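Colleague: Sharing a structure with you now.
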Amino acid sequence: MIRTQVAIVGAGPAGLMLAHLLHRAGVGCIVLESQARGYIEGRVRAGVLEQGTVDLMKASGVGERLGREGLVHHGIELRFDGRAHRIDLAHLTGGRSITVYGQHEVIKDLVQARLAAGGELRFECSDVAVHDLDTRHPRVTFTHDSQRREIACDAVAGCDGSHGICRPAIPRSGLAIHERAYPFAWLGILARAAPSRQELVYAHHERGFALFSMRSPQLTRLYLQVAPDEQPTAWPDERIWDELDARFEGGDGWRPARGPIVEKSVTGMRSLVVEPMRHGRLFLAGDAAHIVPPTGAKGLNLAMADVRVLAPALASFCATGDEQALDAYSATCLKRVWRAEHFSWWMTALLHRFPEGDSFQRRLQHAQLEYVVSSPAAGASLAENYVGLPFDSATA
Ligand code: APR
Ligand code: PHB
């Protein structure tokens, strides 16, 4: 039997940042991850960090490479009806910005910090299961190096993403699930090409949504709206580039620079929130508790915002036995979660082509797009949500 204060299931941004913050607060924890280190450090995910996420990484000592390599953006572009419009994020939000830095780079920095601190982080764990969550002595069992093991702890953090085992371990009567499915998916590609524009470009086109993003001065990241059941093999490289050119048409001749495509995958889109984000001594954080469609790039940032609240609450519980902050955890996080859920849903509905949409819906989309690019109030609403509400505000 292994003994620790907090057992963390999952080494994504939520689990790793939680472990890092707990370590700094002097709380012992063990992180269990089902995948290999190389896999989680190489998996391409989203890559837009809100100011609050950047501040958290820097303030907790894991922002050094981010400070050097992260690309700070002060605006984004919206394209529709063959025209391009810049949304000046910094101007509209009193100087706030976003930083483009791949999620797997965040993972690499956090894994390194954990190992450098001598913290326990076990990769390739299988059959992870949580037990006795309703008691003061929860347990986690797992198999590692072919050996069945057991952890006794004071609390379990379910940071195992949207397909993990922690959320399903909560009795269905103990939680409410709020869900929305979307009738489309994103085909994402990574191309070895220098980004041909300095800021992100979101396009609404009658052929569907498209997004131009980047990972580094050598790598362009691009997305196309496709059918939910689309196979990447249906999209040879030439078809992807031609479709991108059509959807980004903006009257200025700009198009994404082409290069060898080094990654191609289809991601489904859905919204989901679990309430409360707690069951007994199990605390859910990140994608285990809530999922957003990727349109506003909120997933990673919400995961960070959760553990920023959970870490001090666990630390005060472990130090004094005081459960007050833990009792407030779910409600505190859900305020911010629902704001981000609304924004992600709104931006998704604004920019995508709905297969069942009629002319009324399309006219509404256009009216809203025109409003966002012409009214400073509407632009500011998009901008403050996009850069992320400050952590200290009422939404935690
Ligand atoms: N046991 C151990 N680890 C598990 C298990 C399990 N049964 N199931 C899943 N995991 C691991 C996954 O392999 C993954 O590394 O949990 C981790 C969860 O990480 P993420 O999916 O990245 O979730 P989270 O940390 O909440 O971060 C949310 O990730 O999916 C993106 O868009 C999402 O940006 C958002 C961010
Ligand atoms: C990305 O770069 O992966 C990205 C950027 C912006 C989004 C979503 C994803 O809205």
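The values are calculated or read from the model by the stated rules, or taken from the named source; none is laboratory data. The structure displayed is predicted, hence computed values, not measured ones. For neighbour counting, all protein chains shown are included, and Cβ atoms are generated from backbone atoms with ideal geometry for every residue, glycine included.
Colleague: When you look at residue 319, is it surrounded by 14 or more Cβ atoms within 10 Å (Cβ to Cβ) and within 30 Å of residue 159 (Cα to Cα), yes or no?
Modeller: Taking the combined requirement at face value, the residue does not satisfy it.
Colleague: Here is a further query. Looking at the range 172-181, can you tell me whether even one residue there is in contact (Cβ under 8 Å) with a residue 12 or more places away in the chain, surrounded by 18 or more Cβ atoms within 10 Å (Cβ to Cβ) and in a strand (DSSP E or B)?
Modeller: no
Colleague: Let me ask something else. Can you tell me which of (1) within 20 Å of the chain's Cα centre (by Cα); (2) modelled with pLDDT under 95; (3) not polar (S, T, N, Q) is the one residue 161 doesn't meet?
Modeller: In the conditions (1) within 20 Å of the chain's Cα centre (by Cα); (2) modelled with pLDDT under 95; (3) not polar (S, T, N, Q), residue 161 misses (2) alone.
Colleague: Looking for whichever is farther than 17 Å from residue 160 by Cα, within 19 Å of the chain's Cα centre (by Cα) and either crowded, with 19+ Cβ neighbours inside 10 Å or more than 16 Å from ligand 2 (Cβ to nearest atom) (or both) here; the options are 292, 337, 273. Which one fits? Lay out the reasoning, then the answer.
Modeller: On the way: 292 fails: farther than 17 Å from residue 160 by Cα; 273 fails: farther than 17 Å from residue 160 by Cα.
Only one candidate passes the filter, namely 337.
Colleague: A follow-up question, please. Quick check, is residue 82 at positive phi, in contact with an Asp or Glu (Cβ under 7 Å, 6 or more places away or on another chain) and away from ligand 2 (no atom under 16 Å from the Cβ)?
Modeller: Yes, satisfied.
Colleague: Looking for whichever is more than 15 Å from ligand 2 (Cβ to nearest atom) and either within 25 Å of residue 103 (Cα to Cα) or among the hydroxyl-bearing types (Ser, Thr, Tyr) (or both) here; the options are 258, 239, 278. Which one fits?
Modeller: None of the others qualify; the one that does is 258.
Colleague: Restrict the check to the range 306-325 and report whether at least one residue is within 13 Å of the chain's Cα centre (by Cα), within 16 Å of ligand 2 (Cβ to nearest atom) and at negative phi.
Modeller: No, the range 306-325 contains no residue that is within 13 Å of the chain's Cα centre (by Cα), within 16 Å of ligand 2 (Cβ to nearest atom) and at negative phi.
Colleague: Across the range 35-70, which residue is farthest from residue 101 (Cα to Cα) among those that are small (Gly, Ala, Ser) and touching a Phe, Trp or Tyr at 6+ places or on another chain (Cβ under 8 Å)?
Modeller: The selected residue is 36.
Colleague: Let me confirm something: among 118, 161, which residue is surrounded by 14 or more Cβ atoms within 10 Å (Cβ to Cβ), of a type outside the set (A, V, I, L, M, F, W, C) and part of a loop (DSSP other than H, G, I, E, B)?
Modeller: Just one listed residue meets the conditions, 161.
Colleague: In the range 240-263, is there at least one residue being crowded, with 17+ Cβ neighbours inside 10 Å and within 12 Å of ligand 1 (Cβ to nearest atom)?
Modeller: no
Colleague: Quick one: which helices (runs of 4 or more DSSP H) lie wholly within the range 1-104 and hold at least 2 residues that are over 30 Å from residue 144 (Cβ atoms)?
Modeller: Numbers: elements: 13-24, 37-42, 51-59, 64-69, 89-92.
Here the list reads 51-59, 64-69, 89-92.
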